[in-house]
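J.: Starting off with a structure, shown below.
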Amino acid sequence: MVSITVVATLICSASSAVAAAIGHQHQQHPQQQPLVAGVEPSNTLVAQPYAGHRIVRVPVGFGERTALESVLSSTRGIESILVWGTSHVDIQVDASVLPPSLLPPTAQTIVDNVQSLVDKEMDRLAVSQSRLLALGNDRFAPDNWFSEYHKYTDIVAWFKDLAAKHPDLVTFIPSIGKTYLKKDIIAIKLTSSVNKLTKPQFWFHSGDHAREWIGPATVQYFVHSLIADHASNPSLLDSAELIIVPLMNVDGYEHTWTGNRLWRKNRRPIKGDFFGSIGVDLNRNWPAHWGEGGSSNMPFSDTYMGPEAGSEPEVKALIEFFKNDNHTRLIGAIDLHSFSQLVLRPYGWTQKPAPDEPLLKKGGDGIRDAIKKASGKKYVSEREIDLYAASGTASDWFYDEEVQEWLPDRRLYAYTIELRPSADEVNGGEGFILPPEQIIPTGKEIYEAVKWYIEFAIDNVLWVKK
Ligand code: 0X9
Ligand code: ZN
């Protein structure tokens, strides 16, 4: 295990050596050019934006994250922090700026050519998109639809089509609010007409982080499965209502299709002298102990918390929709991300155990076990803080004070689920760029987990004892 000092020293010395050679400038991504207000500059693919980029895994000790993160975020040649594990961090490095010889000796290259990985995906998408387009409305048939990832406008079309085909079960909400680039954030509600106004409600959202394509795809898969199985097994949609925002960060997601495949944040330009930085991490911006650790106040960082709690239009839209007058029966909320195969429960910002830790653990462990039973895949169930500290996250907001004030008689079963692949399976580049053959298997295991979770939460509501 390399100590923080060694990693930081090596990375700092790499940074300063390069800075000395080419004249010090702060890190600036090609996608982070200053914008004309409200105008998206980079909707065309930059030619070979990842030439010379590799993905490198650096072992780090638990607890070293906070100190290391600011070093990594501000080091020239480090393009993005991709994923933190408990004992490593995966970073995207521009080897022409920060050559491997300047990285710690323990750094292991897990993808040596990011460009070819993205090129392969884009080539495949070009072929499958024209194949699907030629199918007309048949492209929505499950075997066709779940064979590939889809653009935002196609995802919207799929949900509209679903609602038109199943008006008894699906309500399509065309907009719960607009993104910075004025795109509609859609939502759906899924339930049967039985006990419509009295049954417990569950919240699901995904796509906070633009590059995590498997999240919105998985949501679509379990929605499809719940509907397909309703006729033979009506009990679930008869006993629960699902309120779903399948794609929160529309602007970021679109940018991953047209500008930068590995973009994480939203696309709002940050005002002030911040080197043309764009974007806030939408899973650091919720008014839940915002800015209390594990997030960055540097706008160029991938975990930038934003100028204030709840500053981002996407977070505002979800909060407003969550607190809709018709959502007073919520008892659980899940935020789906990727990757690493984790079921994470509150808290993420403090070591203090959540008041409902035993039941939250039972729920998280049960989700893990339902997945294992469905597919054999191992997910780890743990507290968020035991992975790493983060504040201003969605799942802490679901569980904590603000929702408590609004629904004072209960707390929510709140989880963050990190989908496939596992950190150990990132061979040759799977990670955020997960092959589409994984959509159905991931969807199936999460469908089983969702069914188990809903039944468990209904049987064990977290009532607040007066
Ligand atoms: O860091 C995040 O926002 C989530 N991971 S991701 O790789 N999808 O970005 C996990 C947040 C979990 N919360 C804490 N660890 N506190
Ligand atoms: Zn994420």
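The values are calculated or read from the model by the stated rules, or taken from the named source; none is laboratory data. None of these values were measured; they are calculated from a predicted model. Here Cβ is always computed from backbone atoms with ideal geometry, including for glycine, and neighbour counts include all displayed protein chains. The accessibility values were calculated without ligands, DNA or RNA, using every heavy atom of the protein model including side chains. Shrake-Rupley method; radii C 1.70, N 1.55, O 1.52, S 1.80 Å.
J.: Counting pairwise Cα distances across the stretch 394-443, what percent come out greater than 18 angstrom?
T.: Beyond 18 Å sits 51 percent of the P(r) for the stretch 394-443.
J.: To the nearest 10 degrees, how steeply does helix 152-165 sit against the main Cα axis of the chain, on a 0 to 90 scale?
T.: 10 degrees
J.: Taking all pairs of distinct Cα atoms, average 1/r, flip it, and tell me the Kirkwood hydrodynamic radius of the stretch 361-466 in Å to one decimal place.
T.: For the stretch 361-466, inverting the mean 1/r across all distinct Cα pairs yields 15.5 Å.
J.: For the stretch 85-205, what log10 I(q)/I(0) values come out of the Debye formula at q = 0.16 1/Å, with one point per alpha carbon and no solvent?
T.: -0.97
J.: Starting from the coordinates of the alpha-carbon atoms of the chain, obtain the Kirkwood hydrodynamic radius over all distinct pairs and give the value in Å to one decimal.
T.: Kirkwood radius, the chain: 22.6 Å.
J.: May I pose another question? Report the calculated FRET efficiency for Q48 and W463 (r = Cβ-Cβ distance, R0 = 41 Å), to the nearest 0.05.
T.: The value I calculate is 0.15.
J.: When Rg is the radius of gyration of the Cα atoms in the stretch 262-309 and Rh is its Kirkwood radius, what does Rg/Rh come to?
T.: So for the stretch 262-309, dividing Rg by the Kirkwood Rh gives 0.94.
J.: Lysine pairs, Cα distance under 17 Å, 8 or more residues apart or cross-chain: how many in the stretch 359-446?
T.: 9
J.: Against the globular-protein guess of 2.2 N^0.38 Å, express the Cα radius of gyration of the stretch 186-287 as a ratio, rounded to two decimals.
T.: Output field value: 1.37.
J.: Hey, another quick one. Tell me whether the stretch 264-401 comes out rounded, prolate or oblate; compute the Cα gyration tensor, take square roots of the eigenvalues as a ≥ b ≥ c, and use a/c under 1.5 as the rounded threshold.
T.: Prolate, since a/c reaches 1.5 and a/b exceeds b/c.
J.: Probe radius 1.4 Å, ligands and nucleic acids ignored: give me the carbon and sulfur share of the accessible area of the chain as a rounded percent.
T.: Within the chain, the accessible surface is 55 percent carbon and sulfur.
J.: Taking the C-alpha atoms of the stretch 53-108, how large are the radius of gyration and the largest Cα-Cα span, Dmax, in Å?
T.: In order Rg, Dmax, the Cα atoms of the stretch 53-108 give 10.4, 30 Å.
J.: Also, I was wondering about something else. Whole Å is fine, so just give me how far the alpha carbon centre of the stretch 434-466 lies from that of the stretch 127-192.
T.: So the two Cα centres are separated by 21 Å.
J.: Can you tell me what percent of all Cα-Cα pairs in the stretch 339-388 are more than 14 Å apart?
T.: 49 percent
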